[in-house]
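Chemist: After the structure tokens below, expect a handful of questions from me.
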Amino acid sequence: MVLSQNVSAVGPLNLYPMVHISLMFGISYVLPDFSDESCTLKMTLRNLQSVLSWELKNHSIVPTHYTLWYTIMSKQEDMKIVGDCTNITRSFCDLTDVWVNMTEMYIPKVVGFRGNAELVSCMGSFFLAMDTLPLDPPEFEIVGFTDHISVNVKFQSVAPKILNEEELQFYLALIEEQSGGTVKKHKPQINGNVTENFIYIIDKLIPKTNYCVSVYFEPKHPRKINRSPLKCTLFQPGWESEF
């Protein structure tokens, strides 16, 4: 999918929020207090994938591997182990295909080991509400051509189960284009499948000027914007570059 900066319409990706407030009103939870836990747990949408990450508060504790368990508060079931996050060395777990119900509260438990010895265990609680999950920026690259810059944005080929075209509640703000002390924001309209990669073209550029680009999701609450690091290229008509 190729988009030009000359797109005239500025609007949502034909996607508006469907917040399940009516369902949540019928559920009464006594929220557990996890403020004294040994880890800080964080849930984000990373390239539209639901990712749980954790960081130990005591950095002198260094596990060699982790295992993740979880339960759903309303079901009062024993904790289940997450198969793809058993004895892992990384400090995050992709739960896109595991946590799929936006009306439930999920209780994760992370256990850190060194060998067979348990070093640390911590728990948390999360609703998968789209208006509370931080949105990590998508992957992208920029390519400088002789008369324009191409911004190639990459999405996952399959959207997570908690998202659909009625529930997504953000806009794709492409770009913050920075050059010569000025900032220009582009908001292309994307019609159709947001799981497809697409290319956005920036033209009408000034020769011998350094252009920097940031790509990010823009949720309803601007304070929650998580911008990508800038990628820059020096626009020199007559040669091409890739970053």
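Values in this text are rule-based calculations from the coordinates and carry no lab data. Quick caveat: nothing in here was measured; it's all calculated off a predicted structure. Cβ sites come from the backbone with ideal geometry, for glycine too, and all protein chains shown count toward neighbours.
Chemist: Taking the beta-carbon count within 10 Å as an exposure proxy, list 233, 89, 64 from fewest neighbours to most.
Modeler: On the way: 233 19, 89 8, 64 12.
Arranged by neighbour count, lowest to highest, 233, 89, 64 become 89, 64, 233.
Chemist: Under 5 Å between amide hydrogens, which residues at least 5 positions from residue 47 or on another chain qualify, with H placed 1.01 Å from N in the peptide plane?
Modeler: 136
Chemist: Of 200, 70, how do they rank once you tally other Cβ atoms within 10 Å and put the fewest first? Display every interim value, and only then the final one.
Modeler: Values: 200 25, 70 22.
In increasing order of surrounding Cβ atoms, one gets 70, 200.
Chemist: Within 10 Å, Cβ to Cβ, of residue 65, how many net charges do the neighbouring residues add up to if Lys/Arg are +1 and Asp/Glu are -1? Write out the running numbers ahead of the final one.
Modeler: Values: positive: 90, 114; negative: none.
Its environment carries a net charge of +2.
Chemist: Could you list 232, 39 in order of exposure, starting from the residue whose Cβ has the fewest other Cβ atoms within 10 Å? Working shown, then result.
Modeler: Values: 232 13, 39 24.
The order, fewest Cβ neighbours first, is 232, 39.
Chemist: What are the ³J(HN,Hα) couplings of the stretch 109-120, residue after residue, when phi is run through the Karplus curve with 6.51, -1.76, 1.60 and θ = phi - 60°? Round to Hz, x for glycine and proline.
Modeler: 9, 9, 10, x, 10, 10, x, 9, 8, 7, 9, 7
Chemist: Would you please give the residues with an amide H less than 5 Å from that of residue 198, counting only those at least 5 places away or on a separate chain, with H modeled from the backbone geometry?
Modeler: Result for residue 198 returns 153, 155.
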